[in-house]
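Here the structure is laid out as structure tokens; the discussion comes afterwards.
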Amino acid sequence: MSMPPTAAPTTASMGLASCHACNLLIPRAPEGRPCPRCGAAVHRRKPDSLARTWSFLIAAAILYIPANLLPMIITQSVFETSRDTILSGIAYLWIADAKALAILVLAASVVVPLLKMMALTLLLLSVHFRCSWRIRQQTQLYRLLETVGRWSMLDIFVVAMLASLVRAGKLATIVPGPGALAFAAVVVLTMLASLSFDPRLLWDALDARND
């Protein structure tokens, strides 16, 4: 039978510190001491974790709007110049009876980045308000973000694939638009936000409640 959250011991309550790189548990040592296993600097909590995570996340949220509204692909031909956003590209694929690909692009380019930002916001607010509700599930949510983050560059690959599927004549050229740069920035910033967040901060609320 699992222990209730109020009785669950934490590394901080036992006078231990965990290496964020290899998860080795070591006795509490001065900040920045090298880990005996991997040599990474050991900190009780990542320095300025919340400030850096909020900064990356807010920047990603701001750029998420132009990433979806500005042209992602600019098709130039001798007859006309067309500018396609992510949403217009999805609509084109849907109309062209490529519904499965349209759903894939919608999920990878619109839904997944938004869900990642919402999940990080939830975790940050949980730390800010010292919420101890379902801490294990919150930690599992962060682990899921880490796993998804490894595939974040797939979002950009999907957009590049979308560009290659746009119908163009022999005299037409396809170049990335300003939306592509904004979208790539969103992907990178969400990855940095996830890497900057220290999930050990979630458990500080439990230690504070047990004191």
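Please treat every number below as a calculation from the coordinates, not as lab data. Here the structure is a predicted model, which means the values were calculated and not measured. Cβ sites come from the backbone with ideal geometry, for glycine too, and all protein chains shown count toward neighbours.
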- Message: Quick query: amide H of Ala17 versus all other amide H atoms, modeled in the peptide plane; which residues come in under 5 Å with a sequence gap of 5 or more or a different chain?
- Response: Ile26, Arg28
- Query: Whose amide H sits under 5 Å from the amide H of Val42, counting only residues 5 or more places off or on another chain, with H placed in the peptide plane?
  - Reply: Gly32, Arg33, Cys35
- Task: Round to the nearest 0.05 the FRET efficiency obtained for Asn23 and Thr81 when R0 = 41 Å and r is the Cβ-Cβ distance.
- Result: 0.20
- Message: Using the Kirkwood radius over C-alpha pairs as Rh, can you work out the diffusion coefficient of the range 8-142 via Stokes-Einstein at 20 °C, viscosity 1.002 mPa s, in µm² per second?
- Response: 113
- Query: Along the range 192-206, what does the Karplus equation 6.51 cos²θ - 1.76 cosθ + 1.60 (θ = phi - 60°) give for ³J(HN,Hα), rounded to whole Hz, x for Gly and Pro?
  - Reply: 5, 5, 5, 5, 7, 6, 9, x, 5, 5, 4, 7, 5, 5, 5
